[in-house]
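Below is one structure, written out as structure tokens; comments come after it.
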Amino acid sequence: MTSVKRALPPAITVLLLIAGWQLYTTLSGIDTWLLPSPSDILTAAADQREALARHTLATAELTLYGFGAGVATGLFVAVVLHLLPGVRVAIYPLLVISQNVPTIAIAPLLVVWLGFGIAPKLVVIILVCFFPVAVATLDGLGRSDALIADYMLMSGANRRQLFTKLQWPHALPTMFSGLKIAATYSVLGAIIAEWLGSDKGIGQYMIIQKSAFRADRLFVAIAIVVILALVVFGLVVLLEKLTVKGRRRD
Amino acid sequence: MTEALKVTGLSHSFGDLEVLKDLDITVQKGEFVSIVGPSGSGKSTLFHLVGGVHTPTAGAIEINGQKAKRGLIGYMPQQPALMPWRTIEKNVVLAQEIKGKADIAAAREWLSKVGLDGFADKYPHQLSGGMQQRVAFLRALLSDQELLCLDEPFSALDAMTRLEMHRWLLDIWEANRRAVLFVTHNIEEALLLSDTVYVFSSRPATVIEKVTVPFGRPRRDDVVDDPDFVKLRRRLTDLLTGSPR
Ligand SMILES: Nc1ncnc2c1ncn2[C@@H]1O[C@H](COP(=O)(O)OP(=O)(O)OP(=O)(O)O)[C@@H](O)[C@H]1O
Ligand SMILES: [Mg+2]
């Protein structure tokens, strides 16, 4: 009930914006190729629905594979760096610095190395996704309750039990905040990857429509990207609700 | 007969900070022993040494004839230290789980014995402080160790609840005799519950007095009004506060 109440004001804001936009484009008579009206965009979406469905499916698939691989990489890095403090001090600072390298800048290099198949695209998404997951998880693993740790040690717990029963469950909420960031990044990564060269996907569709000056279709593509990002984000939130238990929700 | 706990010549320092100095403490099987001492004297540190998370600078600790190491005591920490993501019954069986097999059925039975039926599936944040301490106590009790180490279990409670918990602890202990080492700031509490009371000095902690409590069992709360009890309490209070007799 309350979530409906909270969703109402922003929904009204969006409706007002769209109405204002429609009004402006109609009254000013601005060219459609420059700024299409909302109704132009809806028409474009309807005209293109078959092509759009195909491209959306392709991008969704790429996003999910990339997101999965990125999360797996991030968790693996976090666990390894957590369990091996020696490796951690040697690698963690480099990892942070490496984030200053824009993915867009190395993407062409990936194409040179890995060709035009799915491999370079997955690597792009992994590169943008793994870092927030790794950092958030590592942080959560390292900040578990020292009092509970003492209790467990005095009760005879070994390192494996300390990890599985204390550190990992403790890290779950922090891990999920990393996952939420990565969820949004993953769609962005997929679009960039498709710009690099692809025969399908919303990213490739955008490149073509840009050359054709079809702003209306570009708007449709942007809307789809936003919706995709929201869906992946929603999936993560759902998973969080199912796994993170027993904390005060405030 | 081997003692449940035998501490001889125990000293411990954290770097330059001398915390414990030449302690001798014995807990017989089935005996209830208390330690009273000023805040910061090193009582919790003693438990950490007995529990094997620190290695003493000098001296020896034996638990049931075995050199102290991790996993030999049932421990109740100063703060309940429950896992917020585990239900109450899952928290209660944590020590058992670490040792091998968790007995959920027994945990549920005990939860109802201590007035927490209906809370087995709740989470720690849904319980009051006193309830959380009962859970931490059960977790120690159900670890099935011969020696229970309880670190100021009732310090966070108001006087009323504390009285209730004393009654409750004595009942459980009289029905399940274990060796208990109990830390408190509260002299009356120590005398009411224990067979033997050790009084610690301030840091570095030494034993300044070992008192054998002369009251029988089962013990009733009104023992605190006994003239001998009052005298003993006066003497220990003077010892702890350092005022002349
Ligand atoms: N791991 C540690 N490293 C360094 N110093 C410590 C450590 N643990 C405890 N100390 C120090 O040892 C002293 C004794 O601490 P301890 O917790 O044993 O006191 P306590 O008698 O339990 O006090 P309280 O009654 O307030 O609980 C304190 O000065 C504390 O700062
Ligand atoms: Mg203490």
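The values are calculated or read from the model by the stated rules, or taken from the named source; none is laboratory data. Being a predicted model, the structure only gives us computed values, none of them experimental. Heads up, the Cβs are rebuilt from the backbone with ideal geometry, glycines too, and the neighbour counts pull from every protein chain shown. Heavy atoms of the whole protein, side chains included, go into the accessibility calculation; ligands, DNA and RNA do not. Shrake-Rupley method; radii C 1.70, N 1.55, O 1.52, S 1.80 Å.
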Cα Rg, Dmax, chain B, angstrom units: 17.8, 54
Using a Förster distance of 35 angstrom, determine the FRET efficiency expected from the C-beta separation of residue A:161 and residue A:99, and round it to 0.05. 0.55
Going by amide H atoms built from the backbone, whose H comes under 5 Å of the H on residue B:19, apart from near neighbours? B:12, B:13, B:14
Could you work out which residue, out of A:56, A:32, A:164, moves most in a Gaussian network model of chain A, that is, has the largest mean-square fluctuation with Cα springs under 10 Å? A:164
Net charge within 14 Å of residue A:131 by Cβ-Cβ distance, Lys/Arg positive one each and Asp/Glu negative one each, not counting residue A:131 itself? 0
Apply the Kirkwood formula to the protein assembly as shown: the hydrodynamic radius equals the inverse of the mean of 1/r over all pairs of different alpha-carbon atoms; give it in Å with one decimal. 27.6
As an exercise, use a Förster radius of 41 Å and the Cβ-Cβ distance of residue B:113 and residue B:58 to find the FRET efficiency, rounded to the nearest 0.05. 0.45
Probe 1.4 Å, protein heavy atoms only - accessible area per residue of the protein assembly as shown in square angstrom: 49
Using the Karplus equation 6.51 cos²θ - 1.76 cosθ + 1.60 (θ = phi - 60°), what ³J(HN,Hα) coupling, rounded to whole Hz, does each residue of the stretch A:59-74 give in order, writing x for Gly and Pro? 5, 4, 5, 4, 4, 5, 4, x, 4, x, 5, x, 5, 4, 4, x
Residue among B:124, B:218, B:77 with the largest mean-square fluctuation in a Gaussian network model of chain B, springs linking Cα atoms under 10 Å: B:218
Please state the equivalent ellipsoid semi-axes for the stretch A:47-245: what are the square roots of 5 times the Cα gyration tensor eigenvalues, largest first, in whole Å? 38, 19, 11
FRET efficiency, residue B:103 to residue A:21 (Cβ-Cβ, R0 56 Å, nearest 0.05): 0.30
Taking chain A as a Gaussian network, Cα atoms linked when under 10 Å apart, which of A:132, A:102, A:36 shows the biggest mean-square fluctuation? A:102
Spin-label proximity, residue B:29 to the stretch B:173-202 - amide N less than 12 Å from point 7 Å beyond Cα toward beta carbon: B:178-179
